Every structure is written in structure tokens, then in C-alpha cells.
1. Pairs 39/93; 46/145; 39/91; 68/129: which exceed 22 Å Cα-Cα?
2. May I ask for the net charge around residue 154, where only other residues with Cβ less than 12 Å from the Cβ of residue 154 are counted and Lys, Arg are +1 while Asp, Glu are -1?
3. Beta carbons within 10 angstrom, averaged per residue: use that to sort the peptides 157-169, 27-39, 7-19, 95-107, highest first.
4. How far is it, in nm, from the label point at residue 115 to the one at residue 90 when both lie 7 Å from their Cα along the line to the Cβ?
5. Any idea how far apart residue 125 and residue 19 come out in nm if each label point goes 7 Å out from Cα toward Cβ?
6. Going out from 0 in 5 Å bins, what whole percent of all Cα-Cα distances in segment 5-185 drops into each bin?
7. When the chain is treated as a GNM, springs tying every alpha-carbon pair under 10 Å, which of 70, 147, 114 comes out with the largest mean-square fluctuation?
8. Can you say what percent of the DSSP beta bridges in the chain, counting only those with both residues inside, are antiparallel? Round to 5.
Amino acid sequence: MIKRSLEFARQLIFESLRDGDIAIDGTAGNGNDTLLLAKGVGEKGKVYAFDIQQEALDNTYKLLVNNKLERRVVLIKESHDCLKQYLGNLKAKAIMFNFGYLPGGNHEIITKLESTIPAIEQGLEILQKNGIMSLMLYPGHYGGKWETDGVITLAKNLNPRHYTVLHYNLINLQNFPPQLLLIQKKI
Ligand SMILES: C[S@@+](CC[C@H](N)C(=O)[O-])C[C@H]1O[C@@H](n2cnc3c(N)ncnc32)[C@H](O)[C@@H]1O
């Protein structure tokens, strides 16, 4: 079965995780990706989840509590371009970015290319060998096309000896469908 982009990203990321791994959610939002990562890293693992909105972190915390997984997650109210500041020398097996606005929240608070690019660059440094980063991009909303094009340009220019990059795009969908990039670090 060919999966929708987000479903495909989630499956690949989940399958890559093992007990004890470190994972990062660069955009916690309503917590769905954070929850998936928390399940994937197991009892001994840790997830670091970032969002600039308290509402998003509250929603994420509630979802984790409902699933009794809140102890596996560190919630951080900070922009994702501060990843390195919080992770230090830790290496992550998986990093998820799901850009755009908070569903059910203020649609004017969106991820922006100026912080998205440094966040991705820091994430690529933090990623361990064979680790995977997923990037869900939404060109349909105001500012989304600019961000999508900028991120795809960055990804296209990554050294192929260091990274494998997949652009997953369901091309017969109408109205600016979401775009998924998957980046695996080779060395
Ligand atoms: C599409 S939502 C994320 C969905 C989420 N991963 C989930 O599973 O429900 C995008 C989120 O990015 C957050 N955001 C916007 N700018 C950000 C930034 N600079 N750093 C971290 N999060 C940011 C928004 O507040 C919003 O909650």
C-alpha cells in the first residue's frame, strides 16, 4: 500500500528506533509525533520535544500523560534553532520536523525559514550515523511555499557521500499537497 506522506514518515521513523535511543521532535504541536517517538525509544530512551507555544506543549503533555509516557519526554519551550544548546554532545537516532502551524491553534504562528534552516543544520550535526530526519512541509499556507522551496534547496545540496535524501511526493494530489523529505546520515 502506498502511504500518505506523514504516515510514511512516521512508519519509517518508528521502525528505525530501538530501546534506549534518543529522539527529537522539533515541532511538538499536538504531540502526535512526540508520542510516536516516546513509544519508539522505549523505557531507557529519551525524547526532546521543542515548541514555541505553551498551548502546543500543554497538548503534548496531556497526550503523553494519557498514554503514561510523559517520563520519557523532555518538553522544551524554545525555538528549534536552539537544538544544540539543549542537546549538547548527545546524538539522536531520529529527528522529526512537522512544519507549519498548530492544528486547532493560531494559524498565524508558523515555522519560518530563518529558524527552520539553522534548526535542520543543527539537527544534521546531532544525528548519529544511520540516523534519520523527517521533514514534513506544507506549501499550501501563507509562507509555506517559501519555506518548502528553501528546505528542498538545502536538502538537494547535501553531500551525497554524507547523506541519502529522499523526496516523497504524491504528485497527483491537488492544491499544494504536503511534501516529505527524509534524510539519512551515512557517516
Ligand atoms: C504542524 S505543527 C506540529 C505537529 C506535531 N508534530 C504533531 O504531531 O501534532 C507545527 C508546530 O510548530 C511550532 N513552531 C513554530 N515555530 C517553531 C519554532 N521556531 N520552533 C519550534 N516549534 C515551532 C508551532 O507552534 C506548531 O505547534
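No lab work stands behind these numbers, since they all come straight from the coordinates. It should be emphasised that the depicted structure is a prediction, and the values quoted were computed from it without experimental measurement. Counting neighbours? That spans all protein chains shown, and the Cβs are built from the backbone with ideal geometry, glycine included.
1. Values: 39/93 14 Å; 46/145 33 Å; 39/91 18 Å; 68/129 30 Å.
As for pairs spanning more than 22 Å Cα to Cα, those are 46/145; 68/129.
2. -2
3. Working: 157-169: 12.6, 27-39: 24.5, 7-19: 16.5, 95-107: 19.4.
Going by the mean number of other Cβ atoms within 10 Å, highest first, we get 27-39, 95-107, 7-19, 157-169.
4. It is 2.0 nm.
5. The modelled label-to-label distance comes out at 3.3 nm.
6. Reading upward from the zero bin: 1, 9, 18, 22, 23, 16, 8, 2, 0.
7. 114
8. On the way: 13 of 31 bridges.
So the antiparallel bridges amount to about 40 percent of the total.
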